[in-house]
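Here's the structure we're looking at; comments come further down.
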Amino acid sequence: MSGKSIRWGIVGAGHIAQKFAHDLRYVAGARLSAVASRDKAKAFAFIKSLDKEYPGQDLSCVRAYGSYEELASASDIDAVYIATPHPWHAENAILCLRGGKHALVEKPFAVNLKDGQRLAQAARDTGLFCMEAVWTRFLPAIQELRRLIGAGELGEIQMVTADFGFHADYNPDGRLFSPELAGGSLLDVGIYPLNFARMVFGRPFEEVRGYASLSPMGVDESAVMAARFSGNGMASLACGLCVETSKSAYVLGTEGRAVLPLFWMAREMETQKGKADPVKRQFDFPGFGYQFEAEEVSLALAHGQSESTVMPLSETLEILGVMDDLRRQWGLKYPFEG
Ligand SMILES: NC(=O)c1ccc[n+]([C@@H]2O[C@H](COP(=O)([O-])OP(=O)(O)OC[C@H]3O[C@@H](n4cnc5c(N)ncnc54)[C@H](OP(=O)(O)O)[C@@H]3O)[C@@H](O)[C@H]2O)c1
């Protein structure tokens, strides 16, 4: 896969940033140039820990910044990966776009549609590339699924079921459960089945209804959702922070079906046409799988695109609107939303 040479900066030296940094080694022409933390010593420690935990990458020239502003204004960075908690995605990405950097923004792109629109507008104003980091869409198994659907091999898709629930240790101050950090299962993991269903049907949601159980602090600990698409499309989706679900996705068409275990990080897909025997295929790759979204950035920039055609901003904003609507149904408003 050919692409442009990209000097990456990472904003927020946390858990997911480490995995992304690791996977950059698999992207032709990409390299990690800088890491920004609110604490310079933490940025240094992050780079050091990368070297220790994931040796094999030359990190000698990676700079550590003690503020996001410094990284945003650095002259030798092409693109940034925003890896802060949800409430700061929009603000951090806008800062970097205004500093002339292309932006790959962790999911959710923003906490709500209003902030998402503000970020998308900032990207349009600068003309720089901007994409929500929905890595699932770029995984080899998911690319093959998209091909199968596009070629009509599963017939007309009528139903999708997908869920993503895991058991997180309860921490009222952590980003998963704290209302101040936009906690809850929907924005953290429910976004995956929603995004997956939207991708499979390839057209906008017509209606989404949901039920959630709220924690004592008022965020959704688990939720079920039913979605309707034009024609005969329906999706049954679920998410949770206190329950382990199967984390599988089923794509059911009139001519066949596809089953993806651990669909959001898929390495395997089973397909079955009519009554024929099912066929299981492996789609293995090195690392965690974040290299494919980074490759998308390289390719888009090489082609002079300011948006991805696979994960366009219009779909990101549509899904933010759906999540706003679901939270309205549940009476869930974050304290900073006024
Ligand atoms: N794509 C995926 O598979 C995946 C997986 C996990 C998470 N995520 C997404 O990535 C984002 C970060 O998740 P994470 O698990 O990496 O979180 P995390 O480990 O808590 O790291 C987030 C980082 O954000 C920075 N930060 C800035 N303001 C903060 C604040 N007020 N409170 C706490 N941290 C703050 C911190 O970095 P500094 O202290 O260095 O400034 C922190 O280390 C989330 O939005 C999540 O949805 C994606």
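The values are calculated or read from the model by the stated rules, or taken from the named source; none is laboratory data. Fair warning: this is a prediction, and the values are worked out from it, not measured in the lab. Positions of Cβ are generated from backbone atoms using ideal geometry, with glycine treated the same way; all protein chains shown enter the neighbour counts. Note: accessible area is taken over every heavy atom of the protein model, side chains too, but ligands, DNA and RNA are not part of it. Shrake-Rupley method; radii C 1.70, N 1.55, O 1.52, S 1.80 Å.
Pairwise Cα distances in region 1-154 exceed 26 Å in 28 percent of cases.
May I have the pair-distance distribution P(r) for region 201-273, computed from all Cα-Cα distances with 10 Å bins from 0 and rounded to whole percent? Result, from short to long distances: 17, 38, 35, 9, 1 percent.
Taking every C-alpha pair closer than 8 Å and separated by at least 6 residues, the mean separation divided by the residue count of region 200-312 gives a relative contact order of 12 percent. For region 192-338, the equivalent ellipsoid built from the Cα gyration tensor has semi-axes of 27, 22, 17 Å, listed from largest to smallest. As an equivalent ellipsoid, the chain spans semi-axes of 31, 24, 19 angstrom, where each value is the square root of five times an eigenvalue of the C-alpha gyration tensor, largest first. Accessible surface calculations at 1.4 Å, restricted to protein heavy atoms, place the chain at 42 Å² per residue. In this structure, the residue pairs whose Cα-Cα separation is over 25 Å, taken from Lys19/Lys273; Lys107/Lys333; Lys19/Lys48; Lys101/Lys247; Lys247/Lys333, are Lys19/Lys273; Lys101/Lys247; Lys247/Lys333. A dipole drawn for the chain from +1 and -1 charges on Cβ atoms has a positive end, and of Ser298, Met269, Met323 the residue lying farthest that way is Ser298.
Ordering Ala182, Ala249, Ala34 by Cα displacement along the dipole of the chain toward the positive end leaves Ala34 in first place; charges were set at the Cβ atoms of Lys, Arg (+1) and Asp, Glu (-1). Helix 191-201 and the longest principal axis of the Cα set of the chain meet at an angle near 60°. Over the C-alpha trace of region 62-106, radius of gyration and Dmax come out as 9.6, 27 angstrom. When only the Cβ of Lys, Arg, Asp and Glu is charged (+1, +1, -1, -1), the dipole of the chain relative to its Cα centre reaches about 340 debye. What's the FRET efficiency of Leu262 with Ser60 using the Cβ-Cβ distance as r and R₀ = 30 Å, to the nearest 0.05? The pair Leu262/Ser60 has a calculated efficiency of 0.25. Among Met217, Phe109, Ala21, whose Cα sits farthest toward the positive end of the charge dipole of the chain (+1 at Cβ of Lys/Arg, -1 at Cβ of Asp/Glu, about the Cα centre)? Farthest along the dipole direction, towards plus: Ala21.
Between the helical axis of 89-98 and the longest alpha-carbon principal axis of the chain there is an angle of about 50 degrees.
Working ranking of peptides 89-99, 310-320 by packing, defined as the average number of other Cβ atoms within 10 Å per residue, highest first, is 89-99, 310-320. For the chain, the longest principal axis of the C-alpha atoms and the axis of helix 113-126 are separated by about 50°. For a test of the definition: using alpha carbon positions, the gyration tensor, and the 1.5 limit on a/c, classify region 115-185 as rounded, prolate or oblate. It is oblate, given that a/c is not under 1.5 and a/b is not larger than b/c. If the segment from His15 to Arg209 were pulled out straight at 0.36 nm per residue, it would be longer than the present Cα-Cα gap by 66.6 nm.
Note on region 262-338: Kirkwood radius taken over Cα pairs, Stokes-Einstein applied at 4 °C and 1.567 mPa s, translational D equal to 78 µm² s⁻¹.
Subtracting the Cα-Cα distance of His303 and Glu244 from their residue separation scaled by 0.36 nm leaves 17.1 nm. Each Cα pair under 8 Å and six or more residues apart adds its sequence gap; the mean of these over the residue count of the chain is a relative contact order of 19 percent.
Directionally averaged projected area (region 90-225, Cα convex hull): 10.1 nm². If both residues of a DSSP beta bridge must be in region 65-221, then about 10% of such bridges are antiparallel.
Could you estimate the translational diffusion coefficient of region 24-80 from the Stokes-Einstein equation, with Rh from the Kirkwood formula over C-alpha pairs, at 10 °C and 1.306 mPa s, in whole µm²/s? Translational diffusion coefficient: 134 µm²/s.
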